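Working notes, beginning with the structure itself.
No lab work stands behind these numbers, since they all come straight from the coordinates. Quick caveat: nothing in here was measured; it's all calculated off a predicted structure. Heads up, the Cβs are rebuilt from the backbone with ideal geometry, glycines too, and the neighbour counts pull from every protein chain shown.
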Amino acid sequence: MRTPAAVLVLLLVACGGGGGADQRQVFRYNEAEGITSLDPAFARNLEHIWVVDQLFDGLVEMGPDLRVRPGVAEHWTVSDSGTTYTFHLRPDARFHDDPVFPDGAGRVVTAHDAAYSLERLRDPATASPGRWVLDAVRPGPQGIEVTDDTTLIIRLERPFAPFLSMLAMAYCGVVPQEAVAHYGAEWRRHPVGCGPFRFFHWREGVKLALQRHPHYHQHDEEGVRLPYLDALTVGFVKDPNAEYLALVKGELDLISGTEGGFLNELLDPLGRVREKHAEHIRVLRAPALATDYLGFLLDTSLAAVRESPWRDVRLRKAVSLAIDRERIVTHLLHGIGRPARSILPPGLPGGWDVGNTPLHDPDRARALLAEAGHPGGEGLPPLVLTTTASYLDICEFIQHELAAFGITVQVDVVPLSTHKQGVAGGDFLFFRKNWIADYPDAENFLLLFATANSAPAGPNYTRFSDPEYDAIYDQALRSTDDGLRLALYEQLDSTLQVRTPAVFLLHPEVVRFVRSGVEGLQADPMNQLDLRRVRKAH
């Protein structure tokens with residue numbers, strides 16, 4: 001049952017009450033995009049993932065060092081040439097207290113719960129957007145098998161090295177079958193998990209409150225049970241300026257990301273917190289597993305592509321070499337982010353090392369234009385770059401850069417929904433896009449250029465198609481030899497850098513603005529929100 005002290009903490013938060021000692025152990029952040037479900041099977045977007053990760057634990061989890069570590073599973077083995085995963089569950093993981101259980105006391109998590117959760121995820125009737133996570137698992141009962149209360153076996157149809165990382169995704173949170181059945185349609189707003197926090201209250205569009213799980217199974221190095229915080233609240237204010245003011249006033253503990261007009265107020269041109277805020281606000285940064293790119297549509301079944309001069313790789317390469325990415329980072333982004341040569345972010349093994357080959361090479365760009373029969377851009381039609389308003393300043397910078405080479409760029413700003421639909425539908429010949437890793441393996445980026453993943457069904461929005469690339473990609477998927485797999489990844493990366501189906505522009509960073517009294521919060525490349533070891537100074 002909930003203790004009166006914990007209830008008091010949350011009532012203070014919900015009512016905007018004063019700042020006593022208890023109040024300082026409530027972590028507060030805002031989610032402008034809103035949340036529509038607390039069901040892990042629908043944790044598709046970051047705003048959903050952050051909350052789901054507080055409520056649910058999976059068999060495994062992803063550490064900030066991008067290594068898979070135990071979750072509900074205490075340990076595991078991989079056998080049969082990488083196709084059989086045997087998980088042994090820890091005996092002390094308990095679901096949150098909830099009226100669905102006898103006497104309202106949360107019960108022990110078993111292998112049956114883990115199996116049910118995964119079967120539910122891949123059941124077409126659930127209609128989860130994360131169903132693909134289990135595509136490599138054998139169909140039927142032999143794919144997911146329980147041998148006893150603490151042992152779960154998952155069998156794959158073929159070896160797939162990133163599989164363990166995929167099980168760490170929020171989609172795979174363990175849920176109790178009786179709670180899903182009991183709450184039915186209300187399950188999305190009345191979750192029961194075994195994560196560090198449990199559900200307390202949700203007024204949609206206004207505030208979400210979670211309470212510390214007093215029986216959480218993890219402890220710190222001194223044996224103190226985690227989490228340290230008493231509670232977590234999430235607001236849903238859409239105005240970024242109001243969010244910024246709430247951070248400055250100490251009403252929020254965290255703002256994530258760099259979008260919004262407040263960035264110039266918080267950071268100087270070198271990316272440091274401005275002096276007037278430095279006493280109360282600090283910035284946490286980490287290289288993100290993400291890439292911003294400008295894609296060329298290359299589907300030659302479309303007449304517009306067949307007639308486009310940008311089918312010539314020399315012209316695409318000239319565009320890439322003409323853009324000074326360092327200036328974008330320095331002049332537009334406060335030094336946040338890294339210039340990109342590859343689709344692969346720097347932290348992922350498998351990238352092709354090109355040595356000292358310059359990324360920005362104006363002379364080579366001009367030479368390639370001339371080789372392609374368009375010296376100084378002569379005879380080239382305007383290149384229409386389709387983007388959204390949030391990327392307009394960078395696209396206008398690129399427009400200015402390419403004009404110096406005789407390449408005319410027209411920037412077409414469209415609503416986000418139009419952009420998503422048009423990129424997937426093949427409506428735009430040149431478009432801005434980004435990709436954020438679902439799991440920390442190079443394959444998660446290289447899949448963007450496999451023919452089998454071509455849009456509209458898949459995320460290959462350029463519709464790049466190369467039989468040799470596809471053959472190497474398939475070989476890498478099946479390889480159980482890590483050394484060979486990385487060598488194959490390097491071949492794939494080199495093909496993309498040479499063929500240039502896209503201009504790989506920038507690798508963003510995870511950026512968090514945090515109140516100075518918050519201790520134990522990190523920024524990691526997957527932009528996870530781990531609050532288990534967070535404290536607020538008294």
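Considering only Val78, Val146, Ala161, and ranking their Cα positions along the charge dipole of the stretch 64-161 that arises from unit charges at the beta-carbon of Lys, Arg, Asp and Glu, the one farthest toward the positive end is Ala161. In plain terms, the C-alpha convex hull of the chain casts an average shadow of 25.8 nm² when viewed from every direction.
Here the stretch 55-183 is assigned +1 on the Cβ of each Lys and Arg and -1 on the Cβ of each Asp and Glu. Its dipole about the Cα centre then comes out at about 440 debye. For the stretch 290-507, the Kirkwood hydrodynamic radius comes to 17.7 Å, computed from all pairs of different C-alpha atoms. A dipole drawn for the chain from +1 and -1 charges on Cβ atoms has a positive end, and of Ala115, Leu392, Ser454 the residue lying farthest that way is Leu392. The residues Lys249, Lys317, when put in order of fewest to most other Cβ atoms within 10 Å, stand as Lys249, Lys317.
Extension gain for Asp353-Asp239 works out to 36.7 nm (0.36 nm per residue, less the C-alpha to C-alpha distance). The fewest-to-most ranking of His419, His96 by surrounding Cβ atoms within 10 Å reads His419, His96. Dipole magnitude for the chain: computed about the Cα centre from +1 point charges on Lys and Arg Cβ and -1 point charges on Asp and Glu Cβ, it is near 740 debye.
Only DSSP H runs of four or more residues enter the estimate; each adds -39500 (n - 2.57), and after division by the residues of the chain the mean residue ellipticity at 222 nm equals -7500 deg cm²/dmol.
Past 25 Å, Cα to Cα, is the threshold; run Lys207/Lys276; Lys276/Lys536; Lys317/Lys433; Lys207/Lys420; Lys238/Lys420 against it and keep the listed order. In this structure, Lys207/Lys276; Lys207/Lys420 lie more than 25 Å apart at Cα.
Return a whole-number percent for the relative contact order of the chain, with Cα pairs under 8 Å and 6 or more residues apart as the contact set. Worked out over the chain, it gives 19 percent. A P(r) calculated from all alpha carbon pairs of the stretch 225-344, with 10 Å bins opening at zero, reads 10, 28, 25, 19, 12, 6, 0 percent. Ordering 68-74, 273-279 by mean Cβ neighbour count within 10 Å, with the highest value first, yields 68-74, 273-279. Between the amide H of Leu156 and those of Thr84, Tyr85, Arg138, distances stay under 5 Å, these residues lying 5 or more places away or on another chain, with hydrogens modeled in the peptide plane. Give the residue from Val329, Leu252, Ser342 lying farthest towards the positive end of the charge dipole for the stretch 224-349; charges sit on Cβ (+1 for Lys and Arg, -1 for Asp and Glu) and the dipole is referred to the Cα centre. Most positive-ward Cα: Ser342.
Relative to the Cα centre, the charge distribution of the stretch 290-507, modelled as +1 at Lys and Arg Cβ and -1 at Asp and Glu Cβ, gives a dipole magnitude of about 320 debye. Taking amide H atoms as placed 1.01 Å from N in the peptide plane, the amide H of Ala93 lies under 5 Å from those of Val109, each 5 or more residues away in sequence or on another chain. Converting phi to 3J(HN,Hα) with the Karplus coefficients 6.51, -1.76 and 1.60 and the offset θ = phi - 60°, the stretch 221-231 yields 5, 8, x, 7, 5, 8, x, 7, 5, 7, 7 Hz in sequence order, with x at every glycine or proline.
Once you divide the Cα radius of gyration of the stretch 29-108 by 2.2 N^0.38 Å, the number left is 1.37.
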